[in-house]
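**Q** Take a look at this one; I'll ask things after.
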Amino acid sequence: MLKPKLRVIVTRKLPDDVESRMKELFDVDLNQSDAPMDRASLADAMKDCDVLVPTITDTIGQALLARAGDRLKLIANFGAGVDHIDLNTARQRGILVSNTPGVLTEDTADMTLCLILAVTRRLKEGLRLMESGEWEGWSPTALMGGRVGGKRLGILGMGRIGSAVARRAKAFGMQIHYHNRKRVHLDREAELNATYWESLDQMVSRMDIISVNCPYTPSTFHLINSRRLALMKPEAIIVNTSRGEVIDQNALTRTLRSGGIAGAGLDVFERGHDINPRLGELDNVVLLPHMCSATHEGRIEMGEKVIINIKTFADGHRPPDLFVPGMA
Ligand code: 8YV
């Protein structure tokens, strides 16, 4: 007898190719409106499916998980970060959580370099000048920025994305430094010509550019706080393409406004899209709408990973991208 298809609920609109394949494989409910589900709809969905496919815009905490139906056995997240899911409660309830690592590494690293260049080379001011129609031609001293070649880049979190940032930055002539929970393998340090700093305080105080690339966990919450921002050199900049919660955004705003550091490039914000309005007013701050992994290729590969995780689970095996806390 044929096994019944798994009932899968997807919380947001995914690329068409991904949705078509899901329709072939599963009994799937898609969200064509792309409006994020409210809590009540999410709770209903979690009562009524075998597999939930959420994204970063769905906060799946203890209360929602406690009310999930017994049939919910897998949360196959569309995204690498799973900080919006209460992993401990999921584990206690016997619900597996998988993610989509690896396929957004290069795209995110590309955009990290884009932000570093945008801030150091004053892209925002240049664009604004052209868009205003007020540009009067070349000048020897107009819009001079900093040169990235030769600068010290301190990478906070030398995982997949941090290493991909390091490879690119090395090609731009930057000197690579990093802080990580654990020192990486010596071969990788040699490949990247990277210097390990056990002390984050010491690294932060000596870098020209800081790139935040660590996941958001209870131990990385506000890792960059007002005290550490005060350690940075006044001519240094910081970029964040990981999670907003790693930087205390209000402290960063104050530091930037008082000239404590020279600029910031942010793709991510606390609680998803909470942006201090005083940040965007600054010429030396470039803000992006969480778009670092937004390529057609990457989003399709993320969908393919979600499908492989669900299909493997449906076939009675362990999904390949099962998320194990502490192993990211
Ligand atoms: C994703 C991200 O696009 O994968 C992640 O962790 O931060 C993003 O770039 C997003 O999370 C999709 O859910």
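**Q** Could you check residue 111 against (1) assigned to a loop (DSSP other than H, G, I, E, B); (2) open to solvent by less than 50 Å² (accessible area, probe 1.4 Å); (3) out of contact with any helix residue (DSSP H, G or I) (no Cβ under 7 Å at 6 or more places or on another chain) and say which number it fails?
**A** (1)
**Q** Being closer than 15 Å to residue 207 by Cβ, free of Cβ contacts under 8 Å to residues at least 60 places away in the same chain and within 16 Å of the ligand (Cβ to nearest atom) narrows it down to one residue among 162, 157; which is it? Please lay out each step first, then the result.
**A** Values: 157 fails: free of Cβ contacts under 8 Å to residues at least 60 places away in the same chain.
Checking each option against the conditions leaves just 162.
Conditions tested, residue by residue: (1) closer than 20 Å to residue 262 by Cβ; (2) among the hydroxyl-bearing types (Ser, Thr, Tyr); (3) touching a helix residue (DSSP H, G or I) at 6+ places or on another chain (Cβ under 9 Å); (4) open to solvent by less than 20 Å² (accessible area, probe 1.4 Å).
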residue: 133; (1), (2), (3), (4): no, no, no, no
residue: 153; (1), (2), (3), (4): yes, no, yes, yes
residue: 162; (1), (2), (3), (4): no, no, yes, yes
residue: 180; (1), (2), (3), (4): no, no, yes, no
residue: 188; (1), (2), (3), (4): no, no, yes, no
residue: 194; (1), (2), (3), (4): no, no, yes, yes
residue: 210; (1), (2), (3), (4): yes, no, yes, yes
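**Q** As an exercise: evaluate residue 260 against (1) more than 15 Å from the ligand (Cβ to nearest atom); (2) open to solvent by 40 Å² or more (accessible area, probe 1.4 Å) and give the number of the one condition it does not meet.
**A** (2)
**Q** Further question: Inspect all residues belonging to segment 214-222 and state whether any of them is out of contact with any Phe, Trp or Tyr (no Cβ under 6 Å at 6 or more places or on another chain), at negative phi and surrounded by 22 or more Cβ atoms within 10 Å (Cβ to Cβ).
**A** Yes: segment 214-222 contains one or more residues that are out of contact with any Phe, Trp or Tyr (no Cβ under 6 Å at 6 or more places or on another chain), at negative phi and surrounded by 22 or more Cβ atoms within 10 Å (Cβ to Cβ).
**Q** While we're here: Where residues in segment 82-104 are assigned to a strand (DSSP E or B) and either acidic (Asp, Glu) or open to solvent by less than 40 Å² (accessible area, probe 1.4 Å) (or both), which of them is nearest to the ligand (Cβ to nearest atom)?
**A** Across segment 82-104, the extreme among qualifying residues is 85.
**Q** Same structure, new question: Counting only residues that are farther than 16 Å from residue 237 by Cα and either surrounded by 15 or more Cβ atoms within 10 Å (Cβ to Cβ) or not hydrophobic (A, V, I, L, M, F, W, C) (or both), how many does segment 167-178 have?
**A** 5
**Q** Since residue 69 meets every condition but one in (1) within 15 Å of the ligand (Cβ to nearest atom); (2) touching a helix residue (DSSP H, G or I) at 6+ places or on another chain (Cβ under 6 Å); (3) in a loop (DSSP other than H, G, I, E, B); (4) open to solvent by 10 Å² or more (accessible area, probe 1.4 Å), which condition does it not meet?
**A** Every listed condition holds for residue 69 apart from (1).
**Q** Moving on. Find the residue count for segment 38-66, including only residues that are assigned to a loop (DSSP other than H, G, I, E, B), open to solvent by 50 Å² or more (accessible area, probe 1.4 Å) and either farther than 28 Å from residue 3 by Cβ or basic (Lys, Arg) (or both).
**A** 4
**Q** Something else: Can you tell me how many residues in segment 35-66 are of a type in the set (S, T, N, Q) and within 16 Å of the ligand (Cβ to nearest atom)?
**A** Applying the first criterion (of a type in the set (S, T, N, Q)) to segment 35-66 yields 41, 55, 57, 59, 62.
Of the ones still in play, those that are also within 16 Å of the ligand (Cβ to nearest atom) are 55, 57, 59.
Residues in segment 35-66 being of a type in the set (S, T, N, Q) and within 16 Å of the ligand (Cβ to nearest atom): 3 in total.
**Q** Report, by residue number, each residue of segment 273-301 that is more than 21 Å from residue 103 (Cα to Cα) and either of a type in the set (Phe, Trp, Tyr) or outside any loop (DSSP other than H, G, I, E, B) (or both).
**A** 274, 277, 278, 279, 280, 285, 286, 287
**Q** Report yes if some residue within segment 302-310 is away from the ligand (no atom under 12 Å from the Cβ), assigned to a helix (DSSP H, G or I) and modelled with pLDDT under 95; otherwise report no.
**A** Kept after step one, since they are away from the ligand (no atom under 12 Å from the Cβ), are these residues of segment 302-310: 304, 307-310.
Retained after the next criterion (residues that are assigned to a helix (DSSP H, G or I)): 304, 307-310.
Okay, now just the ones that are also modelled with pLDDT under 95, so none.
No, segment 302-310 contains no residue that is away from the ligand (no atom under 12 Å from the Cβ), assigned to a helix (DSSP H, G or I) and modelled with pLDDT under 95.
**Q** Let me ask another. Just to be sure, is residue 152 closer than 28 Å to residue 178 by Cα and not acidic (Asp, Glu)?
**A** Against the criterion (closer than 28 Å to residue 178 by Cα and not acidic (Asp, Glu)), residue 152 qualifies.
**Q** Another one. List the number of the failed condition for residue 271; all other conditions in (1) crowded, with 16+ Cβ neighbours inside 10 Å; (2) within 23 Å of residue 219 (Cα to Cα); (3) under 14 Å from the mean Cα position of the chain (by Cα) hold.
**A** Going through the list (1) crowded, with 16+ Cβ neighbours inside 10 Å; (2) within 23 Å of residue 219 (Cα to Cα); (3) under 14 Å from the mean Cα position of the chain (by Cα), residue 271 breaks only (1).
The values are calculated or read from the model by the stated rules, or taken from the named source; none is laboratory data. These numbers come from a predicted model, not from an experiment. No Cβ is skipped: glycine too gets one built from the backbone with ideal geometry, and neighbour counts run over all protein chains shown. Remember, those area values only see protein heavy atoms, side chains included, never the ligands or the DNA or RNA. Shrake-Rupley method; radii C 1.70, N 1.55, O 1.52, S 1.80 Å.
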